[in-house]
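See below for the structure under consideration.
Quick note: the coordinates plus some simple rules give every number you see, no bench work behind them. As the structure is a prediction and not an experimental result, all values here were calculated from the model. Positions of Cβ are backbone-derived with ideal geometry, glycine not excepted, and every protein chain shown enters the neighbour counts.
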Amino acid sequence: MADKLNKGQASGAGEAKGMPLVSICMPTYKRTNFVREALDSALAQTYMNIEILVSDDSPSNNIGDIVRSYASPRVRYQLNAPALGFVPKLNSFLNAARGEWMVILCDDDILDPDYVSSMMANARKHPEGAIHRSRNMWIDVESKMIQLDPLSPVVSAPSRFLHDLYLPQSETFRVNLSGFMFRPSALKALGGFTELYAARHLDRLAWSELATLGPVICEERPLCKIRLHGTSVSSELESRFDDAVAATQTAGGKILEILDRVDSDTQTDTGRGEVATARQLVVRYSNEHISRAFRQALLTELMRPGGAREDLKDLRGKWVRLGLPTTRLTQLLLAASWLPAFLRKPLVSSMLRVRQKKLQ
């Protein structure tokens, strides 16, 4: 096993020359098909004073063998036995990282070679910045470009950033864990990454909290590639509907509290207007995620062989009580829930195949 995250050597030469250490932290689990590309991008950084931390929950040595093959003193690897879980793994980075700054790099994403050097140049220009990020490029499983993020202001006050953070996905930047640089000490002081069911809303909660500390600085060049995976039947399923809804309601409440704090510190009418609009966006964001959890739970039950009619009835009742908007897909799924069991699964599978082709 390579060195544990709490061991190893980190060069201080860069810091002596005014180059603070930056920790690139990669949480990983089982997935080996993209990890080399992610590691290559971390090691190719033109900013030299970096350390790379890889925390692996996999039950095998497959990823460890890949990491060890680099034999780089800048890479520290830890195989967690027993597995830590995704959010505890992220919070362990806050303790293990020695850098003044941290970047999370998911094991299927890619950083441009100039990513860290550009972030650090912006940090020198804007020392008041609480978060530094770049535009993202969305890529597919073959690393082909799908879309670029829309432009964001170079400097966003907390009120503007929180407004943009909760815009509909088609109107805002791709929100992700990868590609945001922040001080680990700051996030740790705020309580770290929030653990909710299935790590829901993890990234938005962290960036919302950090944005209370100062403006967010955005590099206009797309220096981070975010890999989007196709939607499959398995990724549509949700068996713990109540937990998913509770997680979204908890996250929504926390975000509204953050907006209250930002509002109290905002001095301009423009800022207060952005906070007011952000509150409306957060409510819509929460309702959309509760609706999605409902659709996933309904799909789970419809795809189950001989799904229980009482469970479907219970889900329909919850949908009515929540009073959420109904999309075309939801209407079709609700209609399918009244069909005999032997007809449900083939019909829903056909619907999902059509939907998946439209998303590709």
- Hey, what do the phi angles of region 124-138 turn into as Karplus ³J(HN,Hα) couplings, whole Hz, using 6.51/-1.76/1.60 and θ = phi - 60°, x for Gly and Pro? 6, 6, 10, x, 7, x, 8, 9, 10, 8, 10, 4, 10, 10, 8
- Theoretical gain in end-to-end length, N287 to M351 [0.36 nm per residue, Cα-Cα removed]: 20.7 nm
- Task: Rank by packing, highest mean first: peptides 101-109, 80-88, with packing defined as the count of other Cβ atoms within 10 Å averaged across residues.
- Result: 101-109, 80-88
- Taking the chain as a Gaussian network, where each spring joins two C-alpha atoms under 10 Å apart, which residue of R344, R321, R183 fluctuates the most? R321
- Task: Scan around C25 for amide H atoms under 5 Å from its own, H built in the peptide plane at 1.01 Å from N, and keep only partners 5 or more places away or cross-chain.
- Result: L53, V103, I104, L105
- Message: Checking the table K30/K313; K318/K345; K30/K225; K144/K345 against a 26 Å threshold on Cα-Cα, which pairs fail?
- Response: K30/K313; K144/K345
- With a cut-off of at most 13 other beta carbons within 10 Å, and DSSP calling the residue loop, which GluC sites (Glu not before Pro) in region 137-211 qualify? Please list them. E142
- How about region 106-162: which trypsin sites (Lys or Arg not before Pro) there are in a DSSP loop, with at most 14 other Cβ atoms within 10 Å of their Cβ? K144
- Under a 5 Å amide H to amide H cut-off, with H placed in plane at 1.01 Å, what residues pair with S134 once short-range neighbours are removed? E219
- Item | For region 13-227, size of Cβ-based charge dipole, Lys and Arg +1, Asp and Glu -1, in debye | 280 debye
- Query: How big is the Cα convex hull of the chain in projection, averaged over all directions, in nm²?
  - Reply: 18.9 nm²
- Each label point is 7 Å from the Cα along the Cα-to-Cβ direction; what then is the distance between the points at T32 and E195, in nm? 2.9 nm
- Query: Taking only C-alpha pairs under 8 Å that are 6+ residues apart, what is the relative contact order of the chain in percent?
  - Reply: 16 percent
- Two-site label geometry, L43 and L339: point separation in nm, points 7 Å out along Cα→Cβ: 5.1 nm
